[in-house]
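What follows is a single structure, written as structure tokens, with notes after it.
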Amino acid sequence: DVKVTQSSRYLVKRTGEKVFLECVQDMDHENMFWYRQDPGLGLRLIYFSYDVKMKEKGDIPEGYSVSREKKERFSLILESASTNQTSMYLCASSLFAVRGEQYFGPGTRLTVT
Amino acid sequence: DQQVKQNSPSLSVQEGRISILNCDYTNSMFDYFLWYKKYPAEGPTFLISISSIKDKNEDGRFTVFLNKSAKHLSLHIVPSQPGDSAVYFCAANDMRFGAGTRLTVKP
């Protein structure tokens, strides 16, 4: 059974803190993605990676960075957390980058106070 | 600028009836569309997809229709069941998702 896991289900951080969200997939997928989900806006792509050490900006990369040192692991970094980054963060992986289904993790609900 | 739009935030139907969820897109370069289903506290799961070379794809109770000239697709669920109650997201191959439609199927 395919699996994408995220390091935390719930996280509370203070403004200005550096935040790391970890994602691991066990499907040997080349492609991994980070989204945030907000009411009325759906899922918006933050960053994606199509190979180890490769990354591409999505629609809303400002305030975020990513790291992919190993194929199975894709990390999202909030360099200096702000209250407008309070959101649900979803990680996904896929075999094909643009014409294939994505497998999602359960999400991390991040609250920045 | 949302290139994939789901204009109905919610839909309520009776068990056994048809559910029709709609999705519009603006980018004519999109050539592959997917529907995902999301339960609370879980990530979205893939439901069904359609390539732009087709106008219909069926999988059991779920059928997706694509109207390229109108840049419109719809998901039909027949018959609807209470377990179908979830948020449904439409997505295009460019990793673009709609805002979602919350479907409630009443027993």
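The values are calculated or read from the model by the stated rules, or taken from the named source; none is laboratory data. Quantities reported herein were computed from a predicted structural model and do not represent experimental measurements. Here the Cβ is made from the backbone with ideal geometry for all residues, glycine too, and neighbour counts use every protein chain on show. To get the accessible areas, we keep the full protein, side chains included, count just its heavy atoms, and leave off ligands, DNA and RNA. Shrake-Rupley method; radii C 1.70, N 1.55, O 1.52, S 1.80 Å.
Points worth noting:
- Here residue A:38 meets each of (1) modelled with pLDDT under 95; (2) out of contact with any Ser or Thr (no Cβ under 9 Å at 6 or more places or on another chain) with one exception, condition (2).
- Wholly within the stretch B:55-107, strands (runs of 3 or more DSSP E) carrying at least 3 residues that are more than 15 Å from residue B:22 (Cβ to Cβ) and within 14 Å of the chain's Cα centre (by Cα): B:56-59
- Condition met for residue B:48 (over 30 Å from residue A:10 (Cα atoms) and either of a type outside the set (S, T, N, Q) or within 14 Å of chain A (Cβ to nearest Cβ) (or both)): no
- Number of the condition not met by residue A:109 [criteria: (1) out of contact with any Asp or Glu (no Cβ under 8 Å at 6 or more places or on another chain); (2) more than 14 Å from chain B (Cβ to nearest Cβ); (3) open to solvent by 60 Å² or more (accessible area, probe 1.4 Å)]: (2)
- Taking residues in the stretch B:22-44 that are under 22 Å from residue A:105 (Cα atoms), and partners anywhere that are among the acidic types (Asp, Glu) and open to solvent by less than 30 Å² (accessible area, probe 1.4 Å), not one pair has Cβ atoms closer than 6 Å while being at least 6 places apart or on different chains.
- Hits in the stretch B:67-107 - residues which are more than 14 Å from chain A (Cβ to nearest Cβ), crowded, with 20+ Cβ neighbours inside 10 Å and among the hydrophobic types (A, V, I, L, M, F, W, C): B:73, B:75, B:77, B:103, B:105
- Which listed residue is acidic (Asp, Glu), open to solvent by 70 Å² or more (accessible area, probe 1.4 Å), within 22 Å of residue B:42 (Cβ to Cβ) and under 15 Å from the mean Cα position of the chain (by Cα), from A:56, A:22, A:62, A:72: A:72
- Taken over the stretch B:9-30, residues that are surrounded by fewer than 17 Cβ atoms within 10 Å (Cβ to Cβ), in a loop (DSSP other than H, G, I, E, B) and within 12 Å of another protein chain (Cβ to nearest Cβ) amount to 2.
- Entry remark, the stretch B:31-57: residues being open to solvent by less than 40 Å² (accessible area, probe 1.4 Å) and among the β-branched types (Val, Ile, Thr) number 2 in total.
- Of A:104, A:96, all but one fail to be open to solvent by less than 30 Å² (accessible area, probe 1.4 Å), closer than 21 Å to residue B:95 by Cα and in contact (Cβ under 8 Å) with a residue 60 or more places away in the chain; the exception is A:104.
- Residue check for residue A:45: open to solvent by 50 Å² or more (accessible area, probe 1.4 Å) and within 14 Å of chain B (Cβ to nearest Cβ): no
- Against the numbered list (1) more than 12 Å from every other protein chain (Cβ to nearest Cβ); (2) at pLDDT below 95; (3) under 19 Å from residue A:103 (Cβ atoms), residue A:53 comes up short only at (3).
- Of residues in the stretch A:75-93 being open to solvent by less than 40 Å² (accessible area, probe 1.4 Å) and either within 14 Å of residue A:8 (Cα to Cα) or among the β-branched types (Val, Ile, Thr) (or both), the one nearest to the other protein chains (Cβ to nearest Cβ): A:90
- Flag if residue B:92 is small (Gly, Ala, Ser) and without any contact (Cβ under 8 Å) to a residue 60 or more places away in the chain: no
- Scanning the stretch B:63-89 for residues that are touching a residue at least 60 places away in the same chain (Cβ under 8 Å) and over 23 Å from residue A:102 (Cα atoms) returns B:78, B:79, B:80, B:81, B:82.
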